[in-house]
1. Can you spot a residue in the stretch 214-226 that is among the small types (G, A, S), modelled with pLDDT of 90 or more and not in a helix (DSSP H, G or I)?
2. Across the stretch 52-99, which residue is nearest to W172 (Cα to Cα) among those that are out of contact with any Phe, Trp or Tyr (no Cβ under 9 Å at 6 or more places or on another chain), part of a helix (DSSP H, G or I) and charged (D, E, K, R)?
3. Counting only residues that are outside any loop (DSSP other than H, G, I, E, B) and free of Cβ contacts under 8 Å to residues at least 12 places away in the same chain, which one in the stretch 268-294 is nearest to the chain's Cα centre (by Cα)?
4. With F175, F204 as the choices, which residue is over 27 Å from L118 (Cβ atoms), assigned to a helix (DSSP H, G or I) and among the aromatic types (F, W, Y)?
5. Of all residues being assigned to a loop (DSSP other than H, G, I, E, B), touching a residue at least 60 places away in the same chain (Cβ under 8 Å) and farther than 11 Å from L181 by Cα in the stretch 110-141, which is farthest from the chain's Cα centre (by Cα)? Just the residue, please.
6. Applying the selection to the stretch 238-273, what residues are closer than 16 Å to L292 by Cα, surrounded by 14 or more Cβ atoms within 10 Å (Cβ to Cβ) and among the aliphatic types (A, V, I, L, M)?
7. State the number of residues belonging to the stretch 142-163 that are part of a helix (DSSP H, G or I) and either of a type in the set (G, A, S) or loosely packed, with under 11 Cβ neighbours inside 10 Å (or both).
8. Taking the residues in the stretch 199-252 that are under 15 Å from the mean Cα position of the chain (by Cα) and of a type in the set (F, W, Y) as candidates, determine which candidate is nearest to P27 (Cα to Cα).
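The values are calculated or read from the model by the stated rules, or taken from the named source; none is laboratory data. Here the structure is a predicted model, which means the values were calculated and not measured. Reconstructed Cβ throughout: ideal geometry from the backbone, glycine too, with neighbour counts over all protein chains shown.
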Amino acid sequence: MTTFRQSNALYVIITFAILSVIAAHMPFGAETHPVAESIRIVLGQIGVAVFFIVSGFFYHREEGDAKTFWAKKWRGIVIPWMILSLCTYLFSVAINKDASILAALKWMFGVLTWYWYLPILLFMFVMFKGLQKKDVALVLCVIVMVLSVMLSAFGLIPYTIYFNQYLNPLNWIGFFALGILIRKHGWLDELIGWRPTTMASLVFFVSIVLSVIYGQDKAYIDYFSLPCELSGGMIFLNLSVLLENVGALKDIGRKSLFIYLVQMQPAGIINTRLPYTPLFFILRPIIVLIVLYFISLGIICLLKKAGLEKYSYIIAL
């Protein structure tokens with residue numbers, strides 16, 4: 001079972017994960033800063049993998065729980081996803097002056113937008129109900145993911161606009177399976193400590209070096225994404241344990257869905273207005289995260305003043 005201490009750390013790791021996702025959406029300029037851009041891609045690969053692992057860690061289904069399970073997911077995920085993705089679509093339309101029902105549906109369901117994670121996550125919720133108790137099936141999911149990622153990296157899977165490397169669930173199922181296995185077998189404590197941190201740091205450093213030299217300039221899926229994501233996730237976990245009592249980090253983790261749903265456009269606006277210097281290479285995603293966190297606090301304050309705080313769930317707050 002998850003202890004309260006582990007739960008706090010897992011909220012913090014979600015904060016690191018959303019910071020990674022923001023970094024993935026803030027290009028630094030491959031032509032002018034190729035090394036920095038390669039490092040950004042490596043750092044940006046970690047977040048989604050961590051989200052899937054954490055989702056798998058907390059995933060637990062019982063017989064006959066479909067009504068209560070999906071009611072919680074409808075309220076906690078689907079409603080805010082639909083509302084906030086529609087808002088960001090309308091914001092995009094206001095700038096680009098190009099609107100249609102098909103374009104709105106493609107936007108909301110992650111066709112060439114960052115919302116692809118959510119339909120894949122719902123797919124995991126359905127798929128793993130029958131697999132969560134079968135270790136052989138969970139291990140097989142990990143193997144299938146490794147094969148799918150490598151085939152994708154080598155360009156051997158034919159992708160289209162509607163079925164790209166992100167919308168291919170086989171590229172992600174292993175992370176969700178790992179989360180289930182970690183919780184089921186109590187492996188979390190074995191991943192915490194100086195030995196796993198040292199090993200993960202070495203693998204992560206090698207992944208960065210190889211990405212700088214041989215990287216494909218692709219987010220999430222490339223030759224080195226799996227070792228990067230797994231070693232980076234272990235580093236995030238150990239940092240989270242050290243920082244588990246930092247209240248703001250825990251609170252950001254709790255608001256991560258809101259931040260994820262709205263982060264792309266603010267990240268793009270802020271990204272074009274910050275100097276391209278080593279200092280701001282580090283600060284860019286942190287600035288966006290802080291801005292969005294304070295926006296979330298401001299929205300909560302306004303809802304409370306208006307007596308509407310009970311409806312905050314519709315925007316994941």
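1. No, that holds for no residue.
2. Here the residue is K72.
3. So, considering only residues that are outside any loop (DSSP other than H, G, I, E, B) and free of Cβ contacts under 8 Å to residues at least 12 places away in the same chain, the one nearest to the chain's Cα centre (by Cα) is I290.
4. F204
5. In this case the residue turns out to be K129.
6. Selection gives L249, I252, L257, I259, L261, V262, M264, A267, I270.
7. Adding up the residues that qualify gives 3.
8. Y220
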